[in-house]
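Participant: Provided herewith is a single structure, encoded as structure tokens, for subsequent inquiry.
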Amino acid sequence: MTVTYRSAEPGDVALILQFIRDLAEYEKMLHEVVATEELLHEWLFEKRVAEVIFAVVDGEDAGFALFFHNFSTFLGRAGIYLEDLYVKPAYRGRGVGKGLLRRLAQIAIERRCGRLEWWCLDWNRPSIDFYLSLEAEPMDEWTIYRLSGETLRRLAKS
């Protein structure tokens, strides 16, 4: 099995959306996906606010990672935030997910970033166990807050 990694190009938008939908289905959140190919093209390839890399196994796109830079004031440097990581079921347990995280770690080091971080759903024990096997540290003393939809619009207007 040969695994290579490649950066997404504009022609990959449909594939990116399919990976997003596959991840959302796995997470039982498919009903929340409102992304379209047009939106992804705009934000990934015109505004360039996020990036995607693919894991390619023997010529087939087997997994993807969507990430962007954040910033740590304490470290005084950027970090990488991993928004989505998904490996097709047929390729799980074969090092593809670890390879994607390794590639992201390499990108973080190349760009002199201070950290690589992500969220994981509390019920997703297989992923939690995988992340712990990599010695990733859970940040359980933090609570995530979110404004979206109508509450976001309401605050913006206030």
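Participant: What residue, among those in region 1-35 that are loosely packed, with under 13 Cβ neighbours inside 10 Å and in contact with an Asp or Glu (Cβ under 8 Å, 6 or more places away or on another chain), is farthest from residue 88 (Cα to Cα)?
Facilitator: Looking at the filtered set, the residue picked out is 7.
Participant: Do the conditions hold for residue 45, that is, is it part of a helix (DSSP H, G or I) and surrounded by 14 or more Cβ atoms within 10 Å (Cβ to Cβ)?
Facilitator: yes
Conditions (1) farther than 19 Å from residue 50 by Cα; (2) exposed (fewer than 15 other Cβ atoms within 10 Å of the Cβ); (3) modelled with pLDDT under 95; (4) not polar (S, T, N, Q), marked per residue:
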site: 73; (1), (2), (3), (4): yes, yes, no, no
site: 80; (1), (2), (3), (4): no, no, no, yes
site: 113; (1), (2), (3), (4): no, no, no, yes
site: 134; (1), (2), (3), (4): yes, yes, yes, yes
site: 138; (1), (2), (3), (4): yes, yes, yes, yes
site: 145; (1), (2), (3), (4): yes, yes, yes, yes
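So that you can scan it fast, the table gives a plain yes or no per residue for (1) out of contact with any helix residue (DSSP H, G or I) (no Cβ under 6 Å at 6 or more places or on another chain); (2) part of a helix (DSSP H, G or I); (3) touching a residue at least 24 places away in the same chain (Cβ under 8 Å):
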{"position": "6", "(1), (2), (3)": "yes, no, yes"}
{"position": "21", "(1), (2), (3)": "yes, yes, no"}
{"position": "63", "(1), (2), (3)": "no, no, yes"}
{"position": "66", "(1), (2), (3)": "yes, no, yes"}
{"position": "71", "(1), (2), (3)": "yes, no, no"}
{"position": "109", "(1), (2), (3)": "yes, yes, no"}
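Participant: Of all residues in region 73-96, which are under 16 Å from residue 130 (Cα atoms) and either without any contact (Cβ under 8 Å) to a residue 40 or more places away in the chain or not in a helix (DSSP H, G or I) (or both)?
Facilitator: Result: 82, 84, 85, 86, 87, 88, 89, 91, 92, 93, 94, 95.
Participant: Output the number of the condition that residue 127 fails; it satisfies all remaining conditions of (1) at pLDDT below 95; (2) farther than 19 Å from residue 55 by Cβ.
Facilitator: It fails just one condition, (2).
Participant: Could I ask something else about it? So which of 101, 121, 155 ends up being assigned to a helix (DSSP H, G or I), modelled with pLDDT under 95 and either out of contact with any His (no Cβ under 7 Å at 6 or more places or on another chain) or surrounded by 15 or more Cβ atoms within 10 Å (Cβ to Cβ) (or both)?
Facilitator: 155
Participant: I would also like to ask the following. So residue 93 fits all but one of (1) more than 16 Å from the chain's Cα centre (by Cα); (2) under 21 Å from residue 24 (Cβ atoms); (3) of a type outside the set (Asp, Glu); what number is the exception?
Facilitator: (2)
Participant: Only one residue in 55, 50, 108, 62 is surrounded by 13 or more Cβ atoms within 10 Å (Cβ to Cβ), farther than 22 Å from residue 24 by Cα and either within 17 Å of the chain's Cα centre (by Cα) or of a type in the set (Phe, Trp, Tyr) (or both). Which one?
Facilitator: The match here is 108.
Participant: Which of the residues belonging to region 81-90 are under 13 Å from the mean Cα position of the chain (by Cα) and closer than 17 Å to residue 6 by Cα?
Facilitator: If the condition is that a residue be under 13 Å from the mean Cα position of the chain (by Cα) and closer than 17 Å to residue 6 by Cα, then 82, 84, 85, 86, 87 are the ones that fit.
The values are calculated or read from the model by the stated rules, or taken from the named source; none is laboratory data. These numbers come from a predicted model, not from an experiment. No Cβ is skipped: glycine too gets one built from the backbone with ideal geometry, and neighbour counts run over all protein chains shown.
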